[in-house]
Amino acid sequence: AQSVTQLDSHVSVSEGTPVLLRCNYSSSYSPSLFWYVQHPNKGLQLLLKYTSAATLVKGINGFEAEFKKSETSFHLTKPSAHMSDAAEYFCVVSGHGSGNTGKLIFGQGTTLQVKP
Amino acid sequence: GAVVSQHPSRVICKSGTSVKIECRSLDFQATTMFWYRQFPKQSLMLMATSNEGSKATYEQGVEKDKFLINHASLTLSTLTVTSAHPEDSSFYICSARDPDWYQETQYFGPGTRLLVL
């Protein structure tokens, strides 16, 4: 079975400083991995996705993530935080087998706070 | 591209009434859509997978007679909460799967806030 663990429930950074949101995954298949962002009372927006091509994936709004198979990690980074980045972030892995094919497996989410 | 809409965005209803939520893929055809429920400060919980032209597949613990799903066209899926009660109050989000099956990406609607009084 696939699973995702977001290592921090809450991350607080100052505007202009780097952002690191950590995610570890578990999958016996070659996974597809995603990061989604959710602003308050909104739906989810796709930031970026990894689908077995380049291990460093660039997304929207200056975010990027690196797939590290040896560490089973897919951490999300941004060089300089902006106030508008404050939101909930979800790390997601694609499901395979055991009734999970075609589904997305969500992490518990990380709340990013950006201080002025 | 890949825009998904939901209607209504917010709904308040009395206990015992039924509420219908629509999910539309605006610029692509979606043979598969998904319905999620999200409680405050929590992650998304998959309720059911909606396949065009066939019956929905419900996750364990989700009452199919309570949450009726219809996916009658390639761009529209509906979720009807029947005989709603206050415990059904939640944020309901739909998604549509990328038409390129191998992409596995889901595009999400903006959500519907349901409050049952």
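Taking residues in region B:79-94 that are buried (at least 16 other Cβ atoms within 10 Å of the Cβ), and partners anywhere that are modelled with pLDDT of 95 or more and part of a helix (DSSP H, G or I), the pairs with Cβ atoms closer than 7 Å and at least 6 places apart or on different chains are B:Val81/B:Asp88. Restricting attention to region A:6-33, report how many residues are under 22 Å from B:Ser95 (Cβ atoms) and surrounded by fewer than 18 Cβ atoms within 10 Å (Cβ to Cβ). Total satisfying the criteria: 1. Residues in region B:1-29 that are of a type in the set (Lys, Arg), more than 14 Å from A:Gly43 (Cβ to Cβ) and surrounded by 14 or more Cβ atoms within 10 Å (Cβ to Cβ): B:Lys20 alone. Considering B:Gln60, B:Gln106, the condition of being over 19 Å from B:Thr17 (Cβ atoms), within 14 Å of chain A (Cβ to nearest Cβ) and without any contact (Cβ under 8 Å) to a residue 24 or more places away in the chain is satisfied by B:Gln60 alone. Residues that are assigned to a strand (DSSP E or B), out of contact with any Lys or Arg (no Cβ under 9 Å at 6 or more places or on another chain) and surrounded by fewer than 18 Cβ atoms within 10 Å (Cβ to Cβ) within region A:60-80 comprise A:Glu66, A:Lys68, A:Thr77, listed in sequence order.
Whether a residue is more than 14 Å from the chain's Cα centre (by Cα) and at pLDDT 95 or above was assessed, and B:Ser83 passes this test. Restricting A:Tyr36, A:Tyr89 to residues that are at pLDDT 90 or above, open to solvent by less than 40 Å² (accessible area, probe 1.4 Å), part of a strand (DSSP E or B) and over 19 Å from B:Ala2 (Cβ atoms) narrows the list to A:Tyr89.
The set of residues from region B:95-114 being over 16 Å from A:Leu46 (Cα atoms) and open to solvent by less than 30 Å² (accessible area, probe 1.4 Å) comprises B:Thr112, B:Leu114.
The values are calculated or read from the model by the stated rules, or taken from the named source; none is laboratory data. Note that this is a predicted model, so its numbers are computed, not measured. Please note: Cβ atoms are built from the backbone with ideal geometry, for glycine as well, and neighbour counts cover all protein chains shown. Heads up: the accessible areas ignore ligands, DNA and RNA and are worked out on the full protein's heavy atoms, side chains in. Shrake-Rupley method; radii C 1.70, N 1.55, O 1.52, S 1.80 Å.
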